[in-house]
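Some notes on the structure that comes next.
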Amino acid sequence: MAKGAIAAREPMMVPVVAGKTYWWCACGLSKKQPFCDGSHTKTDMVPVEYQAEKSKDCYFCVCKQTGQEPLCDGTHNRL
Ligand code: FES
């Protein structure tokens, strides 16, 4: 599957809330990283849904090259 544009070379920590749904920007074009702002309509990519099962700090991928969408897997260290 195609990867999005590199929006930054480090993840972004977001305190997620149990039961809440988040839409991760996969295309890399959103101005509201790490989440979707609708900019993907210029591409053939779509955002990825993330459902928080419990409240915790989550590190979302912003380089968009992760193999564990939408979370950081350390790939940004090899870019
Ligand atoms: Fe990037 Fe929606 S703006 S997936």
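The values are calculated or read from the model by the stated rules, or taken from the named source; none is laboratory data. No experiment lies behind these values; they were computed from the predicted model shown. So basically every Cβ, Gly included, is an ideal-geometry build from the backbone, and we count neighbours across all protein chains shown.
Observations on the structure shown:
- The selection criterion, being among the polar types (S, T, N, Q) and in contact with a strand residue (DSSP E or B) (Cβ under 8 Å, 6 or more places away or on another chain), does not hold for Gln65.
- Here Asp37 does not qualify as among the acidic types (Asp, Glu), more than 8 Å from the ligand (Cβ to nearest atom) and at pLDDT 95 or above.
- Residue match in the stretch 50-72 (condition: on the phi > 0 side of the Ramachandran plot and under 9 Å from the mean Cα position of the chain (by Cα)): yes
- Here the stretch 21-72 is the region considered, the condition is being assigned to a strand (DSSP E or B) and hydrophobic (A, V, I, L, M, F, W, C), and the residue that is farthest from Ile6 (Cα to Cα) is Cys58.
- Residue in the stretch 22-79 that is surrounded by the fewest Cβ atoms within 10 Å (Cβ to Cβ), counting only those that are touching a residue at least 12 places away in the same chain (Cβ under 8 Å) and of a type in the set (Gly, Ala, Ser): Ser55
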